[in-house]
Amino acid sequence: MSGAVEVNGEPVTTLGTKADPAVDVITVNGRPIRSEKKIYVMLNKPKGVITSAKDPQGRKVVSDFLPGIKERVYPVGRLDYDTEGLLLLTNDGEFANLLTHPKHHVPKTYLATVKGVPHGTGLEQLQKGVMLEDGMTYPADVEYHDVNMDKNEATIRITIHEGRNRQVRRMFEAIGHKVTRLKRIRFGELGLEGLPRGKFRHLSEQEVKMLLNEARKSHKVQK
Ligand code: URA
């Protein structure tokens, strides 16, 4: 099908002309095309849920937890099946790209419960960077959150500035501790406070702006 496309009243004659439906008026044969409203939500993902829109094996997926959301939203990065906590979802591709782009390093904070109690030296290693299969990690912020000697386990609060696959689990494995529970509690300045497990809420305009600003100001840390 062909049609006369205009952007802001100007005919488009060049292939690859860029237009943003959020700000430009785009018409095809004189009729404006409707752009979907941009939405941004934060879900407190339970464990045992896949970060994807559909699962061929019929397991629970994050969209099952977004009743009433008609727009097709995509996760901003991933959380493992067994990881719980803060997951952002949006239909704004530019926002998602900016926040997950490897050049930007929006900090993400997790509570990691591990088998055994890591020594201070182990945690120092995580702070400095550890060697994983896919290279050294950037320095992380790490502190004890809770130590349970009876259960022989510890919960560590860790903030990383990257988003590699299973990164937190692999970092703890590198210092000899298996992660038994992992929960993301912060994404940039945004916290999970007050949002019950399995529930979502819309982000405010201010929160969206804050995340965009954080992504733009965070620069690649030199290795
Ligand atoms: N690190 C992990 O190991 N898993 C996640 O889901 C997120 C960060």
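In this rough spin-label picture, where each label sits 7 Å from Cα along the Cβ direction, the residue 138-residue 216 distance is 1.8 nm. Counting DSSP beta bridges in the chain, what percent are antiparallel, to the nearest 5? In the chain, approximately 90 percent of DSSP beta bridges are antiparallel ones.
Amide H contacts of residue 180: 113, 114, 115, each under 5 Å away and 5 or more positions distant or on a separate chain (H built 1.01 Å from N in the peptide plane; Pro and chain starts excluded).
Counting only DSSP H runs of at least 4 residues, each contributing -39500 (n - 2.57), and dividing by the residue count of the chain, the helix-based mean residue ellipticity at 222 nm comes to -5000 deg cm²/dmol.
Please give the Cα centre distance for region 64-97 versus region 126-164, rounded to the nearest Å. Region 64-97 and region 126-164 have Cα centres separated by 25 Å. Coordinate range of the alpha-carbon atoms in region 89-214 per principal axis, descending: 44, 34, 18 Å. Between rounded, prolate and oblate, where does the chain land on the alpha carbon gyration tensor, with a ≥ b ≥ c its root eigenvalues, rounded for a/c under 1.5, else prolate if a/b exceeds b/c? It comes out prolate by the Cα gyration axes. Its relative contact order, with pairs defined as Cα atoms under 8 Å and 6+ residues apart, puts region 41-114 at 32 percent.
Sequentially through region 26-32, phi angles give Karplus couplings (6.51, -1.76, 1.60; θ = phi - 60°) of 10, 10, 10, 6, x, 9, x Hz, Gly and Pro residues having no value and appearing as x.
Where a number appears in this text, it was derived from the coordinates with a stated rule and is not lab data. Since we're looking at a predicted model, the values are computed, not measured. Glycine gets a Cβ as well: all are built from the backbone with ideal geometry, and neighbour counts include every protein chain shown.
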